[in-house]
Amino acid sequence: MWKVALGIILGGSVWAAKAPVIGSPDAPVGGTFYRNLEGEPATLNPLRGTDYYSSVVEGYAFDSLLMRNIETFEFEPALAEKYDLAKDGKSITFTLRQNAKFHDGTPVTVEDVKFSFDVNFDSKLADAVKISYFENIEKAEIISPTQIKFIIKRKYFGNVEVLGGMEILPRAYYGDLKKKMNKTMMGSGPYMLEKYDQGKSIVLKRNPNWWGFDLPQFRGYYKFDKIFFRLIKDENAVLETFKKGDLDFTGLTPEQYEKKTDGDIWGKTLIKEAVQNSGSKSTPFLGFNLRNLLFKNKDVRKALSLLVDRKMMIEKFFYNKNIPATGPWYQQNPYADPKAKPIPFDPAAARVLFTKAGWADSNKDGVLDKIIDNKPTDFRFTIIVANPIWEKYLTVYKEELKKAGVDVSIKLVEWNAFQKLLDEGSFEAVALSWTGSIEYDPKQIWHSESIQKGASNFIAYSNPEVDKLIDKAREELNSEKRKVQLRKAYSMIANDYPYVFLWNAQYSFYAINKRVQQVKPTYKYDIGLGAWWLAK
């Protein structure tokens with residue numbers, strides 16, 4: 001349940017002293033909270049659910065050993081009452097809470113914790129996205145009915161984080177590979193699956209026996225009797241549904257916040273917020289499949305980046321609330337190179353680079369061409385997207401490409417099919433967005449070892465020097481020294497132009513119905529949606 005961002009604690013058990021209370025412990029319990037998912041989860045099976053929409057739903061149903069306080073970012077106990085990191089850093093021992101149970105009433109055991117770790121290395125179940133984080137742990141050893149020790153194979157600054165954030169699954173349920181578990185969930189978290197109406201809605205109901213309700217740190221959390229997820233993809237339809245009172249909460253685009261949330265109901269029945277916090281930020285991008293001969297040349301990729309008028313698009317679509325991206329993860333992150341600059345909009349320089357790379361409109365049809373592998377090849381490609389919001393951004397980009405002699409098509413693909421195309425590498429270019437951790441580890445996306453089916457380096461980016469920097473940074477426990485390595489990797493990736501890096505968010509925009517109650521609009525590291533409640 002807890003998606004904790006990477007951090008370090010050395011030598012012994014450490015817990016936040018007098019951690020601030022989140023939410024309102026005395027707030028009433030009850031009611032159904034309506035929110036939306038812009039895409040349908042690929043699966044609700046936590047062994048396979050790595051997409052964003054799956055993780056949102058699963059986050060309510062599954063627990064992990066540790067959590068982060070969203071005000072302090074300090075570790076706090078969850079399924080583990082405590083943990084001990086050996087002074088030599090070669091092992092981590094967790095002591096399991098004894099009163100925790102899964103949704104079917106069976107107790108959470110150290111055997112379940114061991115299974116939840118071991119399953120990451122099962123050839124039939126191993127997840128290519130997750131494996132890079134667990135590869136530094138050699139094995140799990142049960143040392144008592146309440147304690148489990150993890151033996152560390154190699155130093156990694158995120159070992160505590162990885163193990164502490166691991167979802168704990170019931171071995172008896174998920175260990176049966178013959179079961180179809182794509183539309184069921186069995187966790188130990190505060191909510192359970194009540195109903196899944198494919199293509200329409202997902203309903204969760206509150207778990208009255210959740211172990212966390214007995215602890216002071218959780219008494220301000222999870223006040224809704226039910227959480228009703230609608231599955232509406234179109235952003236305008238989502239906003240209209242919210243205005244009609246059929247949603248209690250919705251994220252807003254900057255355009256919606258500035259232009260589409262005026263009128264008598266706003267500020268009275270409907271409340272909009274623009275908040276800034278220190279949580280992770282998004283990095284939208286256009287990624288090139290580097291297996292494709294069109295994108296092998298770095299000058300070509302740079303030219304394609306030079307044809308994005310970021311300043312105009314940020315003003316037009318984001319009302320100057322975003323900032324131009326400078327590289328592969330969000331530039332506000334401490335591990336991003338602060339000296340890196342955004343790529344300017346420079347069509348003339350782009351044309352020079354196309355010419356340098358051998359592209360010319362030889363038949364005067366308005367499209368650049370070149371002989372590749374003894375075949376005349378036009379510069380044409382398709383960008384796949386899973387969210388229709390991308391179409392308006394890319395339409396502007398498409399016009400600039402056309403002026404430069406590049407013919408681009410934009411293809412909207414349903415989410416599950418979209419993910420399949422990425423997994424198989426069956427695409428030319430893709431528009432998507434990453435949200436990186438605060439303590440960032442680039443291996444999942446930028447290391448050559450992550451070029452495999454189902455992994456996140458689906459564009460097949462490979463740079464041996466970047467690999468070396470990432471490997472060194474992962475073993476560096478000193479955050480200041482790690483900054484030096486990762487900032488260098490950041491600049492090297494940016495200078496390879498594997499993506500068109502677009503912009504970074506500065507604000508979180510959202511709206512709530514007045515019946516939704518909250519202590520404050522945001523905590524330091526999150527808006528704190530889990531600590532909201534409904535007025536009686």
For the chain, whose charge dipole is built from +1 on Lys and Arg Cβ atoms and -1 on Asp and Glu Cβ atoms, the candidate among S409, F115, L534 with its Cα farthest towards the positive end is L534
With the 8 Å Cα cutoff and a minimum separation of six or more residues, the chain has a relative contact order in percent of 21
Summing -39500 (n - 2.57) over every DSSP H run of at least 4 in the chain, dividing by its residue total and rounding to the nearest 500, the 222 nm mean residue ellipticity is -7000 deg cm²/dmol
When R68, R171 are arranged by how many other beta-carbons sit within 10 Å of their Cβ, fewest first, they go R171, R68
Mean projected area (nm²) from the convex hull of Cα positions in region 204-326 is 12.6
Check: C-alpha center region 257-277 vs C-alpha center region 126-170, spacing in Å is 43
Checked against a 25 Å limit on the C-alpha separation, the offending pairs among K243/K392; K316/K520; K205/K443; K90/K468; K321/K398; K403/K453 are K316/K520; K205/K443; K403/K453
Scattering profile of the chain from the Debye formula, Cα beads only, expressed as log10 I(q)/I(0) at q = 0.05, 0.08, 0.09 Å⁻¹, is -0.21, -0.55, -0.70
Computed for the chain: size of charge dipole around the Cα centre, +1 on C-beta of each Lys and Arg, -1 on C-beta of each Asp and Glu, debye to nearest 20, value 400
Under 5 Å from the placed amide H of M67, counting only residues 5+ away or on other chains, we find E76, A78
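Every read-out reported here was derived from the displayed coordinates using simple, explicitly stated rules and does not represent laboratory data. From a predicted model like this one, the values you see are computed outputs, not experimental measurements. Cβ coordinates were reconstructed from backbone atoms using ideal geometry, including for glycine residues, and neighbour counts include every protein chain displayed.
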